[in-house]
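Inspection log for the structure reproduced underneath, given as structure tokens.
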Amino acid sequence: MELVIYDTLTRQKRRFDPLVPGQVSFYTCGVTVYDYCHIGHARVYVTTDTMRRVLLAAGYSVRYVQNFTDIDDKIINRAAEAGIEYHTLTQRFIDAYMEDMGQLGISPADCYPRATEYLPQMIEMIGSLVASGHAYVSDTGDVWYSVDTFEGYGRLSRKKRDELIAGVRVDAMDGKRHPSDFVLWKSAKPGEPTWESPWGPGRPGWHIECSAMARQELGESIDIHAGGEDLIFPHHENEICQSEAVTHKPFVRYWVHNGFVTIDNEKMSKSLGNFFTIRDVLTQVSGQALRFFLLRSHYRTPLHYSLDGVKEAKVGLDKLVNTVNLHRDSPEAFGAVLSSIEVLKNRFWQAVSDDFNFSEAIGVLFDLSRMINTSEVSSGVLAELMGILGLESAALGESITQEAEDLMKVRWDAKQNRDFGTADRLRIELLERFQILVEDTKTEYRWKKLT
RNA sequence: GGCGGCAUAGCCAAGUGGUAAGGCCGAGGUCUGCAAAACCUCCACCCUCAGUUCGAAUCUGAGUGCCGCCUCCA
């Protein structure tokens, strides 16, 4: 099946052709680990995880790499405030990150490079940039990238170098030659973590880490590089000029950027303070519900977050999960029903192949759900397609207490004896004490645990 | 100021030239002791104006409103 991906660099959908047929190198910019992740982060990682799942389901082998920025100003400041080592702080939030992402049903990356573990690679790249004249050392011992030396600077973000000068404050020049020059190596400041380098002790600037880690872990040209829209400039712009000045090869074949999550029509961000952390939200709704909510709209459009919205999404998701559970053991479809299901399956694949249109794909899932319920055929295909979107539909394997189980039996017997008073009382008790909803059919009862 | 994006029902949200997917909510119905689940029916002149076209939510132009990037940000 042909896959089409919208590429930020060319601003158009392009047929997806990995550098090596059948193999995909996929890099997603990770988080700076100084705090808990919010819904905006959740959106990026749910999206890229789902893209990765689609690629895998389509038969590609995928190497998926996502970094942690574990050294920067904010980390140093937070650690100082807390009176702990910076790496104690970063480890804490890396652990929290892993927990949060696990709740969202995100598969672990193949590799989680941390900036502080790639100093040699970064120093080598910076050295190469200095040697080739793309970078220079200022009086203060900082090393800067000279954007004027790179022909295509501004191509990704559609910015012109001379126009960038306008908004820059003069007092922020710090020994730069051009206002847009950015730091590759920061000379040591008292009390900060430092590493040795040919330019003296210091620490790396932000952008160089992704160039170095992507190169080390995925090679000099990678297929997909993803991140939030806010990374287009300057982060990804800078990555391109660093990497390509060193390797003379196209750094990235497809640039993929997520739209923002908004609150009251404004971008959710740490600086505005209008953010909800993933773990806050997960006290109210399940990770699956949040994941489903995030996948319901196309990844490039803004997504308005609200708790009500997530709860609404959950109702829909429950419907799909219900269908899967109800018809897990129903007979396989055949004949006309099978044909209809094949058509739906095809529509699903067309949707996800067209720039990862998960919203449309979910629409197909509801059609499929109806088809399964009306025809009473196996829900296997629905479970399979939900799995591609990372939506779990496995039977609730969780054990219920013996007491609850006994109560359900007692209730059923009471009902069979037309003792409705007892039956109803037990229904309420099961619901209130165990969060178990009992559903009756003509011949049996079934139950589900409310989440 | 420069650049970019968005505007589809009460709400959420696909659709980018052929006559508006899907979900939530709501109304009615089938089923049912009750409840739940499931199913059926109903619920949009696609921000405005002007154009192109046999035909436009979809293309063009103008306008209005909102948002983003240009500084750390997913």
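Quick check: is even one residue across the stretch A:48-63 of a type outside the set (Gly, Ala, Ser), open to solvent by 20 Å² or more (accessible area, probe 1.4 Å) and either free of Cβ contacts under 8 Å to residues at least 12 places away in the same chain or over 30 Å from A:Pro302 (Cβ atoms) (or both)?
Scanning the stretch A:48-63, I find at least one residue that is of a type outside the set (Gly, Ala, Ser), open to solvent by 20 Å² or more (accessible area, probe 1.4 Å) and either free of Cβ contacts under 8 Å to residues at least 12 places away in the same chain or over 30 Å from A:Pro302 (Cβ atoms) (or both), so the answer is yes.
Between residues in the stretch A:314-326 that are within 16 Å of A:Ser375 (Cβ to Cβ) and part of a helix (DSSP H, G or I) and residues that are open to solvent by 60 Å² or more (accessible area, probe 1.4 Å) and near RNA strand B (Cβ under 7 Å from one of its atoms), which pairs lie under 6 Å by C-beta distance while being six or more apart or on different chains?
A:Thr323/A:Asn373
Taking the stretch A:1-32, which residues are β-branched (Val, Ile, Thr) and more than 9 Å from RNA strand B (Cβ to nearest atom)?
Of the stretch A:1-32, the ones β-branched (Val, Ile, Thr) are A:4-5, A:8, A:10, A:20, A:24, A:28, A:31-32.
Residues satisfying the conditions are A:Val4, A:Ile5, A:Thr8, A:Thr10, A:Val20, A:Val24.
Could you check A:Ala395 against (1) of a type in the set (Gly, Ala, Ser); (2) more than 23 Å from the chain's Cα centre (by Cα); (3) modelled with pLDDT of 90 or more and say which number it fails?
Condition (3) is where A:Ala395 drops out.
Name every residue in the stretch A:414-439 that is over 13 Å from A:Lys449 (Cα atoms) and loosely packed, with under 13 Cβ neighbours inside 10 Å, in order of residue number.
Residues satisfying the conditions are A:Gln416, A:Asn417, A:Arg418, A:Phe420, A:Gly421, A:Ile428.
Identify the residue in the stretch A:278-301 that is more than 20 Å from A:Ala361 (Cβ to Cβ) and buried (at least 17 other Cβ atoms within 10 Å of the Cβ) and, among all such residues, is farthest from RNA strand B (Cβ to nearest atom).
If we filter the stretch A:278-301 for residues that are more than 20 Å from A:Ala361 (Cβ to Cβ), which is where we start, we get A:278-286.
Filter again for buried (at least 17 other Cβ atoms within 10 Å of the Cβ), leaving A:278, A:281-282, A:285-286.
Values: A:Ile278: 12, A:Val281: 14, A:Leu282: 17, A:Val285: 14, A:Ser286: 16 Å.
Here the residue is A:Leu282.
For A:Ile106, are the conditions met, namely being surrounded by 19 or more Cβ atoms within 10 Å (Cβ to Cβ) and over 25 Å from A:Trp144 (Cβ atoms)?
In short, yes.
Check A:Gln91 against each of (1) part of a helix (DSSP H, G or I); (2) over 23 Å from A:Trp255 (Cβ atoms); (3) within 16 Å of RNA strand B (Cβ to nearest atom); (4) not β-branched (Val, Ile, Thr) and name the one condition it does not meet.
Unmet for A:Gln91, out of (1) part of a helix (DSSP H, G or I); (2) over 23 Å from A:Trp255 (Cβ atoms); (3) within 16 Å of RNA strand B (Cβ to nearest atom); (4) not β-branched (Val, Ile, Thr): (3).
Kindly indicate which of A:Arg155, A:Arg169 is among the basic types (Lys, Arg), surrounded by fewer than 16 Cβ atoms within 10 Å (Cβ to Cβ), out of contact with any Pro (no Cβ under 9 Å at 6 or more places or on another chain) and modelled with pLDDT under 95. Write out each step before concluding.
Values: A:Arg169 fails: out of contact with any Pro (no Cβ under 9 Å at 6 or more places or on another chain).
Sole residue among the options that is among the basic types (Lys, Arg), surrounded by fewer than 16 Cβ atoms within 10 Å (Cβ to Cβ), out of contact with any Pro (no Cβ under 9 Å at 6 or more places or on another chain) and modelled with pLDDT under 95: A:Arg155.
Which members of the stretch A:335-392 meet the condition of being open to solvent by less than 50 Å² (accessible area, probe 1.4 Å) and among the acidic types (Asp, Glu)?
A:Asp355
Are there helices (runs of 4 or more DSSP H) fully within the stretch A:361-451 with at least 1 residues that are without any contact (Cβ under 8 Å) to a residue 40 or more places away in the chain and within 13 Å of RNA strand B (Cβ to nearest atom)? List them. Before the answer, list the steps.
On the way: elements: A:380-388, A:402-416, A:420-434.
Filter on the stretch A:361-451 gives A:402-416, A:420-434.
Within the bounds of the stretch A:56-64, is there any residue that is more than 12 Å from RNA strand B (Cβ to nearest atom) and in a helix (DSSP H, G or I)?
The initial filter retains those residues of the stretch A:56-64 that are more than 12 Å from RNA strand B (Cβ to nearest atom), namely A:56-64.
Imposing the further condition that a residue be in a helix (DSSP H, G or I) reduces the set to A:56-57.
Checked the stretch A:56-64: at least one residue is more than 12 Å from RNA strand B (Cβ to nearest atom) and in a helix (DSSP H, G or I).
Of all residues in the stretch A:233-251 being within 15 Å of RNA strand B (Cβ to nearest atom) and at pLDDT 95 or above, which is farthest from A:Thr69 (Cα to Cα)?
A:Cys241
Only one of these conditions is not met by A:Lys311: (1) open to solvent by less than 80 Å² (accessible area, probe 1.4 Å); (2) assigned to a helix (DSSP H, G or I); (3) not aromatic (Phe, Trp, Tyr). Which number is it?
So the condition that A:Lys311 fails would be (1).
The values are calculated or read from the model by the stated rules, or taken from the named source; none is laboratory data. Fair warning: this is a prediction, and the values are worked out from it, not measured in the lab. A quick note on method: Cβ atoms are made from the backbone with ideal geometry, for glycine too, and the neighbour counts reach across all protein chains shown. Areas reflect the complete protein model, heavy atoms only, side chains present, ligands, DNA and RNA absent. Shrake-Rupley method; radii C 1.70, N 1.55, O 1.52, S 1.80 Å.
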